[in-house]
Structures are given as structure tokens and as C-alpha cells.
Amino acid sequence: MRQKLVRFGIAVASAMAISLVTIHAAPQYDAAPAPAPQAAGAQQQNIPTPRTADGHPDLSGMWGGGGGGGGDKPDEKGNLTVVFKQRPCSQQQRDIGECAQAVNFERDSGVEQRAGANMPMYKAEYWERVQYLDRNGIQEDPAFHCKPAGVPRMGPPAKLVQTATELIMLYQQNNLFRIVPIDGRPHDPIKSQDTTWYGDAVGKWEGDTLVIDIVGFNDESWLGWPGWLHSNNMHVVEKYTRTGNTLTWQATVDDPDVLTQPFVMNPRTIRLNPNAKATFQEDLPCEERDAVHIVTHERG
Amino acid sequence: MKKMFGLLAIVALCLAAKPVVAHHALQAEFDTAKRGEFTGTLTKFALINPHCRWFFEVKKADGTVAKWEITGAGPGALRANGMTRLFASGQTLKVTYAPARDGSNTGRVVTFTFPDGRTVTMYHEDPNNPNDL
């Protein structure tokens, strides 16, 4: 069975990948994290982990960001040219016709999104549905239509504020926040029956790792870009571990209604923003205006 | 002029920024091998996610006015660099675009040309790259 599922996953990835030729920017929610440069990363991890008065690691801070810079500049006359310098096909490929699909199909992040080795293993009765959702992501993906990505697709927060009893999680995207009690309390029996995008979360320390247990989800959000659905009985465990000035976020999705086994997501390690004066910017409303004009199933 | 120069540098950053959520392939919506062109009056510059939008009124030969909607990249860097006021309603701009495949009056901007001749080109392919179209 496991083998069959793996074969299915590979088949889906391969089939989908055929029409995809380019990789541009991957949406932040779903992209595999870019690994921090080894040397610099090690340096950040060797810094002593700050601790709060009660002895736990202090997760507070702005996380991620701090990179970037550069970009295209205008010429001496003030004319500006901005281009994305990524292109999948050589002239030779085009000459022999191998790049023809690039005009009609996505040349975007689809390969990255679909071809990851680590994917949720669905029960056979959901295979068709997942494929349908993937194929029709332009219409079906809630995030494409400006709805929340939800937990865990939204990934780690951009800022954490830790008190003795709460972890306040702030996201740049959609001006979003989550406030999670970390005093070891159990789920609230009423809230945990709610059906929401971020769920009912409670946290506790296991050694130096903050473990957040989340239930009470809706069944509208996706786990990832390729039509990865879940049920409203999904149970997610998020783990936050600070090592020096790095923060590792990892989520595991348990959803026996639709999955044959827990989906252990790849951990992401992000660095403390080195800019002490870094601030958040109000995120502007999202308005989806493209779907009606897109003439293929493919979206990138 | 110096100020404008700086502004354009910042626009460059904005336009290079990538939309995060509703990201999709240009080719699924626009025919990137083709170009259209019009000169019109900018009626609204919308600083929204996931893509900036420019709305135009374009006077046609028969005297009627056509409405056009042009899309670009996400607003992030444009805002971060204080450049959200470069485009203003009432400006007359020449627009070169990749036309929508569905034939609607929409397009993906390639170049805006301002009345003083300055151009702002924003596109996803590198004209100096021999591997590009």
C-alpha cells in the first residue's frame, strides 16, 4: 500500500511536471525554505540562546528577512528596466521545439510545489479529489482567492513576542496574529470544536522546544499548493526551537480521515532579523482579479 | 531630477518583488510573445495584493473611450521604498503590454513611457539574455 501511494505521488508529480518548465518565485507559504548559508548559519547557531527569567528559551524577536537589497537601477537618463532574469529554455531547446509548451503552460513554481519528495499520503478514495484540486487550483485554491493560508500552510511567523504564559505570533501577511497560551492548559472543549483557519492552539515546553497542539480546524484551507486537502478533524503539532539566533519551525499534520499516516513537514530554520529597527508594514488588501482571465488550468 | 532618479530606483525594487499568495504563471493569462500598445489616461493606480494594477481610459479612433486594466508585480518593494506616488491619476502614459489571451482589455505591462520620454520597463524576460525571446 505504501509503495502504491509513493508511486501515486511520483506519478502525480511527474505528470504535472511535464507541462512545467520554469521556476520563478515560489509562494512564501508553500516554498521549501532556502537553507541558510552553512557558515553564516552555524555562526548564528553558536550564539548562546537567550532565555527568559523562567529559564525557557526566549523566542521573542523578528524572524526571517534581513536579506534582499540590490535590484535593477535606472540608467543615467532616468529610464528604468526591470526584468526577471530566469528562463528555462535555451535557444536550442526552442529551435527543436522542446520549449513550445512554455508559451502555453506555466513556467513558474509548479515544479517546486509538486515535485517535493515529502508529501502527504492520501487514502485512495481522495486521490482523485486531490488531483482535481491541483488541476483546478486557479478556481479551487483558497489562497489564490485571497483567503487565509491557514495553519500549517502559512509557515512560521515573522515576529514572536513571548511572555510567561503566552506566545504572540505576528505575521506580515494579511496583518495576521495568533495568540497561543503556553502555560500547559488543555484545549478548551468549546473552542476546540470550532472550525477555523488557525485552529485552537495550546502550547507547552518539552525541554527547550515549545510544542503547540492545534485542533478545531475547518476543512477549507489546504496543506499545500498541489491540492493538498485536509478534513476538519485535522490535528497539527507545531514545534518551535530556538538555537542561538536561529529558529526552527516544524509542523506535523495528523488527519486519519484523509491521510494514511501523519504528514511530517520539512522543518524550516529562519534567522533572527539582524536589523534591530526592523518594523512591520501594514499589508494591503488582497484582490484577486486574474482568475477570470486565465485560460489554462495551469497557474504556476 | 535627482529625486526622480531615486524614485525610479525604488520602483525597480517594487517591481522586482514577487506576489506571494495568488502567484501564477503569466503565460496562463497573457500571450507573452505578443505586444500591444496604447496611450491613455491613468484613471487609477491600485496598490493591492497580489499585483499592482493600473486602470486607463483610452480614446479610440471613433471617439469612444475604452477602459483598460494593466497588471504588474506585487506592491511590496514599491511601498517599502516610498515610491507609491510615482503613478498618479490623470497622467498620460504610453503603455506597451503583453495582451490577455481571452481578448479582454487587460494586459501585463512591459513598458510605461512618461510624457517626458522616460520609460519604465518591467518585464519577466531579459532582452539581453540570448536564451530569452
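Report yes if some residue within segment A:286-298 is closer than 25 Å to residue A:56 by Cβ and touching a residue at least 12 places away in the same chain (Cβ under 8 Å); otherwise report no.
Checking segment A:286-298: not a single residue is closer than 25 Å to residue A:56 by Cβ and touching a residue at least 12 places away in the same chain (Cβ under 8 Å).
Can you tell me which residues in segment A:261-288 are surrounded by fewer than 17 Cβ atoms within 10 Å (Cβ to Cβ) and either away from chain B (no Cβ under 13 Å) or modelled with pLDDT of 90 or more (or both)? Working first, answer last.
In the first step, residues of segment A:261-288 are kept if they are surrounded by fewer than 17 Cβ atoms within 10 Å (Cβ to Cβ); the result is A:261-262, A:264, A:266-267, A:274-282, A:285, A:287.
Hits for segment A:261-288 are A:261, A:262, A:264, A:266, A:267, A:274, A:276, A:277, A:285, A:287.
Can you tell me which residue among A:203, A:199 is under 18 Å from the mean Cα position of the chain (by Cα) and not β-branched (Val, Ile, Thr)?
Numbers: A:203 fails: under 18 Å from the mean Cα position of the chain (by Cα).
Of A:203, A:199, the one residue that is under 18 Å from the mean Cα position of the chain (by Cα) and not β-branched (Val, Ile, Thr) is A:199.
Could you please give the count of residues in segment B:50-74 that are buried (at least 17 other Cβ atoms within 10 Å of the Cβ), modelled with pLDDT of 90 or more and of a type outside the set (A, V, I, L, M)? Don't jump to the end; show me each part of the working.
Step one: filter segment B:50-74 for residues buried (at least 17 other Cβ atoms within 10 Å of the Cβ), giving B:50-54, B:56, B:68-74.
Cutting the leftovers down to modelled with pLDDT of 90 or more gives us B:53-54, B:56, B:68-71.
Remaining after also requiring of a type outside the set (A, V, I, L, M): B:53-54, B:56, B:68-69, B:71.
Final tally of qualifying residues: 6.
Return the residue satisfying two criteria in turn: it lies in segment A:224-243 and is outside any strand (DSSP E or B) and modelled with pLDDT of 95 or more, and of such residues it is nearest to residue A:132 (Cα to Cα).
Here is the first cut: in segment A:224-243, the ones outside any strand (DSSP E or B) are A:225-227, A:229-234.
Among the residues that remain, those that are also modelled with pLDDT of 95 or more are: A:229-234.
On the way: A:229: 11, A:230: 14, A:231: 16, A:232: 19, A:233: 22, A:234: 21 Å.
My answer is A:229.
Could you list, in sequence order, the residues of segment A:202-220 that are surrounded by 19 or more Cβ atoms within 10 Å (Cβ to Cβ) and touching a Leu at 6+ places or on another chain (Cβ under 9 Å)?
A:203, A:210, A:212
Testing residue A:216 on (1) modelled with pLDDT under 95; (2) over 27 Å from residue A:54 (Cβ atoms), one condition comes back false. Which one is that?
Unmet for residue A:216, out of (1) modelled with pLDDT under 95; (2) over 27 Å from residue A:54 (Cβ atoms): (1).
Checking residue A:184 against (1) among the small types (Gly, Ala, Ser); (2) within 14 Å of chain B (Cβ to nearest Cβ); (3) farther than 23 Å from residue A:64 by Cβ, only one condition comes out false. Which one?
(2)
Here is a yes/no grid of residues against (1) of a type in the set (A, V, I, L, M); (2) within 12 Å of chain B (Cβ to nearest Cβ); (3) under 15 Å from the mean Cα position of the chain (by Cα):
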{"residue": "A:133", "(1), (2), (3)": "yes, no, no"}
{"residue": "A:142", "(1), (2), (3)": "no, yes, yes"}
{"residue": "A:167", "(1), (2), (3)": "yes, no, no"}
{"residue": "A:179", "(1), (2), (3)": "yes, no, no"}
{"residue": "A:207", "(1), (2), (3)": "no, no, no"}
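Could you look through segment A:114-170, keep only residues that are of a type in the set (Lys, Arg) and assigned to a loop (DSSP other than H, G, I, E, B), and pick out the one that is farthest from residue A:249 (Cα to Cα)?
Once the filter is applied, the top-ranked residue is A:123.
Using the structure shown, decide if residue B:77 is surrounded by 20 or more Cβ atoms within 10 Å (Cβ to Cβ) and either out of contact with any Ser or Thr (no Cβ under 9 Å at 6 or more places or on another chain) or modelled with pLDDT of 90 or more (or both).
On the way: surrounded by 20 or more Cβ atoms within 10 Å (Cβ to Cβ): yes; either out of contact with any Ser or Thr (no Cβ under 9 Å at 6 or more places or on another chain) or modelled with pLDDT of 90 or more (or both): yes.
It is true that residue B:77 is surrounded by 20 or more Cβ atoms within 10 Å (Cβ to Cβ) and either out of contact with any Ser or Thr (no Cβ under 9 Å at 6 or more places or on another chain) or modelled with pLDDT of 90 or more (or both).
Can you go through A:204, A:277, A:191, A:239 and tell me which one is closer than 27 Å to residue A:45 by Cα, among the basic types (Lys, Arg) and in contact (Cβ under 8 Å) with a residue 24 or more places away in the chain?
When all the criteria are applied, what remains is A:239.
The values are calculated or read from the model by the stated rules, or taken from the named source; none is laboratory data. What you see is a predicted model; the values in this text were computed from it and never measured. Every residue, glycine as well, gets a Cβ built from its backbone with ideal geometry; the counts of neighbours run over all protein chains shown.
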